[in-house]
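This report concerns only the one structure given below.
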Amino acid sequence: MKFSYQWLSELVEDLDIDAQELARRITLHTAESEGVEVHGTLLKGACPATVLSVEPIANSHNGKAEVETEAYGRKTLVCGAPNCREGLRTVYVPLGVKRVSGIDSDGMLASAAELGISGDDEGVLELEGELNLEADTIIEIDNKSLTHRPDLWGHYGMAREVAAVLGKPLVDPVSLEMLPQGPGAVGVEIREYGLCPRYTAQLFEGVKVGPSPLWLQYRLESIGLRTINNIVDVTNWILAELPQPTHAFDADKIRGRILVRRAEEGEKLLALNGEEYVLTAEDLVIADEGGAIAIAGVIGGKDSAIGPETTRVVFESANFHASAVRKTSARLKLRTDASMRFEKAQDPHNTLRAIARAAELFELVSPGVVAVGGPTDVHGELAAAPVIPLDLGWLKRKLGREIEKQEVIGILERLAFGVADEGEALAVTVPSWRATKDISIPDDLVEEVGRMVGYETIPPVAPAMPVTPPPVNLERRFYNELRGVASQQGFTEVYNYSFVSEAQAARLGVPVEGHVRVLNPIASDQGLLRTTLLHGVLKNFEENRKHFDEFRFFEIGKEIHKQPEGLPRELGHLVAGLYAHGGDGVAGLRELQRLARAMAPGMRFEPTAEVRAYEHPLRSVNVYLGEALVGRIFEFHPRWMEEGRAAVLDLNLGPLACAMAGIAKQYQPVRRYPASEFDLSVLAGERTFAGTVEKALGSARGEAVERIEFLTEYELPDGRRSLSFRVTVARQDRTLTQEEISAQREAMIGAIREAGFELR
Amino acid sequence: MIGRIEELAGQTLGRVREAGTPEELEAVRVEVLGRKGSLAEFGKLMGKLSPEERVAAGKALNSAKTSLEAAYELKKTAFESAALEARLAREWVDLTMPPPGIVPGSLHPLTRIQNEIESLFFSMGFAALDGPEVETEFHNFDALNIPPDHPARDMQDTFWLEGGHLLRTHTSPVQVRGMQRLGPPLRMIAPGRVFRNEEVDPSHEHTFYQLEGMMVDREVSIAHLLYFMKTLLGGIFGREVTVRLRPGFFPFVEPGFELDIQCMVCGGEGCPVCKHSGWVELLPCGLVHPNVLRAGGINPDEYGGFAFGLGLTRLVMMRYLIDDIRWLQSGDLRFLKQF
Ligand SMILES: [Zn+2]
């Protein structure tokens, strides 16, 4: 929202700080300023001038003009405007001498666009009367910081804030004496007061439609509104001032009385912007007996618009329900200056003020205009001004500093609150323009008082509170431990997005139905939420191998799985990836096994019968901790990773955390009697898993077996492998006898044979 | 006999001193000082002497033994230290060479900053909570006093999911979950991933990280909020920071503020970083709206609170002077290995 400094200074008496400082104060006390900018820069030093003569310049479409300026005497300059002609009264801007088309051109004649008066750049400005315009400064306020303040969408509301902050008198631009008197001349019926609490209309006759005076054009242009004609410009002026959105209909194009009703399903309206809109029963329209003539609070219809031939005007000043306007405007993708204001919940008490203001402004822009009768003012029951109790002790406790009662009262009154002093508390009456949704509870008043005294006057204070250690978030701590291990083992942490495409899901063979779908994805290829972190891993491999021959990374993130009902399940996973451009890939898989063991020393690996298409068929293994399946290690299938070797560890952190919590960390007494060891070498087939052999050994594990360790692997000429294990046996209470050791050894040999293996 | 002893001693002393190798030295020791060595032989002959002669010969024998043993030890030590010197001289290692094996990886800058801030808050008694990334409309909006027709619910900001759910647009839903879980009084933070339906460019992301903070107690004032913010930011930036509050509108707080810190680049004088205002907008905060307390099952007549939201992504970018937000989720190790 743009605010004109000139406009504000007309509404705040004796505004004695510059725009920059004003913007700073507004930021500190009311809403965020995004900066200030000069408007109409060329007006500095500009003056009226009359063209004395124009002669053509050879080989140029420009002309050489002699002009008589009011402030700088006679000047010669080059002008290319088509309307530059002898006798033209226009505006001269001194810019110094410049060589143009072979002629020393001293200054320029300016168009309305160049001067910031309007968008008209067709020719130089044709000036009637004086040029009473000065360069202005525009303060841009962030719209987001105004969403809760319907009153600040106009200059009068902002002027009230400025006056309150600076302690200056506020000038009301509306004089209610200007309100036309007499019976209403416009027939109005409201069908739904819920959607239109109030509709006020005034008939004006004797209207002459034409261009607006320059001051009006200039003001609108300065805050980003375009001049249309004098009548429409007045409606925009009022919108930017009060900030009541209004609309002018050509009275002769309205058939019968005005009806405010829901649109019929499929009802159409050709709008002012030339677009045709198809409406639904959700939308509110202004209609006459022939059909819709405007979409309520959003845009007027083309057929009833003000045109050059218009002489009678129905001036609408109505109040529409905020969220209904917002819905319609959102559905039609049509945000207008009116809809933006109505969305913020405008004050229904403002409609008559706008009529009074219109009567005054119409007289200025179209002298001789006559108001026919008074306004037709139809409304339902309007809410009474709310009264909020404000306990002064409570206020102090909320703010954290004391403020004198008189100061509190002064602040609230400057902001137009009614205040009744009730001793320890105040009874605060909310002004109608703050009561629509902005202010309803005492906490809202804390803000009013706080921001006006200035939050910088509140000293920081340490609260008195018990010193207690907060509960520890075990999951976060666990995740951080894993992060520490992974990074120490050489893996760099990545963060990947949660969004994936159907093509990505298909690529890994993940069923699409298991995904949660995004209804409004940022792009069509980001329409699903990831059910595995492997999509990101694949991308990380593909991207990074362009730059590195070997690399390691990991991510901790959430898999999101759709559930039949309720929120989806979010599963914390850790994925680690290792890529090597050369080599046979075995080292990478081993490294991931080591990483898994670094996280939990008891991790073990078991072959899996489950086939996943993207995995190397002979290079995948399930990872267990205790009896819990906690993850998987695999190498990507060459079809998914056509170059190099990419190995992945994927851990499901929920079960892993449980399994780790289940491992008792308790001291075992150190043995006092010596242990004995014996080695067993087992002949195994080419593809027999060491784990299978170890399991067979374990099946004969006696009480005295302390551990079974894999030692070495040795390949025989016939392709078979010799797998060696070392078994350590011992007892806490005595040294084992040779017989006991042999018995254990024999038992294990028996078990191995039973499992179909031979001893080497 | 004494003469022979002395003669042997003299000769042996020479041999000890001139021994060229430890083996040679050892041979001399065995021959002369050994249990069956020459000196021992003399000892056996002592019995045949008269008592007077025996005393004199004994003395000579002992003195020879002592001096030979001393010479032997000396020579042996010399050999040992020479051997050690020689070993040390051979064992040159180039310790300027980098070590083999694993080069540690690194943590994501967002993880680093989260951990840092988490421990800062932990030290001030704030529990760290988590909430789901997929949220209900209730937790993301209604419970936070954002009514159904509020513009914040517009399609363009929120990723809506089938089943009426959504991707949380802020970490604020954890406020309500936290209040329900911990009950008053409480101090909590909730760092996490949030989502906004925004086009991605160097300064906008649809996925970013926030940290929500909340304190609820019998009496909580703006002065307390200021105190915590100042302490927190001093901790984050490692020095005293000057902060200011100005009005800001967020439905879940009342009053609501934007908290600015004095520009650390120019110290408040004005520079391009702070757009010549001397201040940098850092975080939204405010006193918890009574409706939000109610949604969390807390009676606003008995308790009050403050809440704030810290943009972790933005903080990371400030801390490491990262000029393009897209690096953070690029997975590009050329970027990530720098941390
Ligand atoms: Zn600065």
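The values are calculated or read from the model by the stated rules, or taken from the named source; none is laboratory data. Everything numeric in this text was worked out from a predicted model, so none of it was measured. Counting neighbours? That spans all protein chains shown, and the Cβs are built from the backbone with ideal geometry, glycine included.
General observations
- Only one entry in A:Ser329, A:Ser304 is within 14 Å of chain B (Cβ to nearest Cβ) and more than 26 Å from A:Leu176 (Cα to Cα), namely A:Ser329.
- Only listed residue being over 23 Å from A:Val446 (Cα atoms) and facing chain A (nearest Cβ under 8 Å), chosen from B:Val194, B:Val220, B:Val200: B:Val200
- Number of the condition not met by B:Leu321 [criteria: (1) modelled with pLDDT of 95 or more; (2) within 16 Å of the ligand (Cβ to nearest atom)]: (1)
- Tally, over segment B:261-278, of residues that are among the β-branched types (Val, Ile, Thr) and within 8 Å of the ligand (Cβ to nearest atom): 2
- Considering B:Glu258, B:Glu199, B:Glu205, B:Glu254, the condition of being surrounded by fewer than 18 Cβ atoms within 10 Å (Cβ to Cβ) and either more than 35 Å from the chain's Cα centre (by Cα) or away from the ligand (no atom under 16 Å from the Cβ) (or both) is satisfied by B:Glu199 alone.
- Annotation note: of A:Glu134, A:Glu128, the sole residue that is surrounded by fewer than 16 Cβ atoms within 10 Å (Cβ to Cβ) and without any contact (Cβ under 8 Å) to a residue 40 or more places away in the chain is A:Glu128.
- Per the conditions (1) within 16 Å of the ligand (Cβ to nearest atom); (2) free of Cβ contacts under 8 Å to residues at least 12 places away in the same chain; (3) away from chain A (no Cβ under 12 Å), the sole criterion not satisfied by B:Asn299 is (1).
- Within segment A:447-463, if we keep just the residues that are facing chain B (nearest Cβ under 8 Å) and within 19 Å of A:Ala31 (Cβ to Cβ), the residue that is surrounded by the fewest Cβ atoms within 10 Å (Cβ to Cβ) turns out to be A:Glu456.
- The helices (runs of 4 or more DSSP H) located wholly in segment A:374-437 that include 1 or more residues which are surrounded by 14 or more Cβ atoms within 10 Å (Cβ to Cβ) and among the hydroxyl-bearing types (Ser, Thr, Tyr) occupy A:432-435.
- Residues that are in contact (Cβ under 8 Å) with a residue 60 or more places away in the chain and either within 14 Å of chain B (Cβ to nearest Cβ) or not small (Gly, Ala, Ser) (or both) number at least 2 in the following strands (runs of 3 or more DSSP E) confined to segment A:1-94: A:2-4, A:33-39, A:47-56.
- Residue under evaluation B:Lys76, criteria (1) out of contact with any helix residue (DSSP H, G or I) (no Cβ under 9 Å at 6 or more places or on another chain); (2) modelled with pLDDT of 90 or more, criterion not met: (1)
- Taken together, the residues in segment B:73-124 that are part of a helix (DSSP H, G or I) and either within 30 Å of B:Ile322 (Cβ to Cβ) or of a type outside the set (A, V, I, L, M, F, W, C) (or both) amount to 24.
- Residue under evaluation A:Val472, criteria (1) farther than 30 Å from A:Val537 by Cβ; (2) at the interface with chain B (Cβ under 7 Å from one of its Cβ atoms); (3) at pLDDT below 95, criterion not met: (2)
- Residue match in segment B:279-292 (condition: of a type outside the set (A, V, I, L, M), over 19 Å from A:Pro442 (Cβ atoms), within 16 Å of the ligand (Cβ to nearest atom) and out of contact with any Leu (no Cβ under 7 Å at 6 or more places or on another chain)): yes
- Candidate set: segment B:227-241, residues that are more than 12 Å from every other protein chain (Cβ to nearest Cβ) and part of a helix (DSSP H, G or I); chosen: the one farthest from the ligand (Cβ to nearest atom): B:Gly235
Quick grid of which residues meet (1) under 25 Å from A:Leu651 (Cβ atoms); (2) within 8 Å of another protein chain (Cβ to nearest Cβ):
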| position | (1), (2) |
| --- | --- |
| A:Val518 | no, yes |
| A:Asp525 | no, no |
| A:Ile556 | yes, no |
| A:Gly566 | no, no |
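Yes/no matrix, rows are residues, columns are (1) closer than 30 Å to A:Phe541 by Cβ; (2) modelled with pLDDT under 95; (3) surrounded by fewer than 19 Cβ atoms within 10 Å (Cβ to Cβ):
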site	(1), (2), (3)
A:Leu629	yes, no, yes
A:Glu635	yes, no, no
A:Met641	yes, yes, no
A:Ala647	yes, no, no
A:Asn652	yes, no, yes
A:Glu709	no, yes, yes
A:Glu713	yes, yes, yes
A:Phe725	no, no, no
A:Arg731	no, yes, yes
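- Residue among A:Ala356, A:Ala330 that is at pLDDT below 95 and either under 30 Å from A:His29 (Cβ atoms) or surrounded by fewer than 19 Cβ atoms within 10 Å (Cβ to Cβ) (or both): A:Ala330
- No other residue among B:Arg244, B:Arg193, B:Arg187 is assigned by TED's automatic domain parsing to the domain that holds B:Phe159, touching a strand residue (DSSP E or B) at 6+ places or on another chain (Cβ under 9 Å), within 16 Å of the ligand (Cβ to nearest atom) and part of a strand (DSSP E or B) apart from B:Arg244.
- Checklist (1) under 16 Å from A:Val93 (Cα atoms); (2) out of contact with any Asp or Glu (no Cβ under 6 Å at 6 or more places or on another chain); (3) surrounded by 14 or more Cβ atoms within 10 Å (Cβ to Cβ) applied to A:Arg24, failing item: (1)
- Criterion (in contact (Cβ under 8 Å) with a residue 12 or more places away in the chain and under 30 Å from B:Gly125 (Cβ atoms)) met by exactly one of A:Ile458, A:Ile439: A:Ile458
Conditions tested, residue by residue: (1) farther than 24 Å from A:Gly373 by Cα; (2) touching a helix residue (DSSP H, G or I) at 6+ places or on another chain (Cβ under 6 Å).
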site	(1), (2)
A:Ala271	yes, no
A:Gly301	yes, no
A:Arg331	yes, no
A:Thr336	yes, no
A:Gln346	yes, yes
A:Thr351	no, no
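- Hey, A:Val693 among the β-branched types (Val, Ile, Thr) and touching an Asp or Glu at 6+ places or on another chain (Cβ under 8 Å) or not: no
- Restricting segment B:302-332 to residues that are in contact with a Lys or Arg (Cβ under 9 Å, 6 or more places away or on another chain) and at the interface with chain A (Cβ under 10 Å from one of its Cβ atoms), the residue that is farthest from B:Thr207 (Cα to Cα): B:Gly304
- Failed condition for A:Phe499, given (1) under 23 Å from B:Glu133 (Cβ atoms); (2) out of contact with any Pro (no Cβ under 9 Å at 6 or more places or on another chain); (3) modelled with pLDDT of 95 or more: (2)
- Condition broken by B:Gly331, with the remaining ones in (1) closer than 28 Å to A:Val494 by Cα; (2) in contact (Cβ under 8 Å) with a residue 60 or more places away in the chain satisfied: (2)
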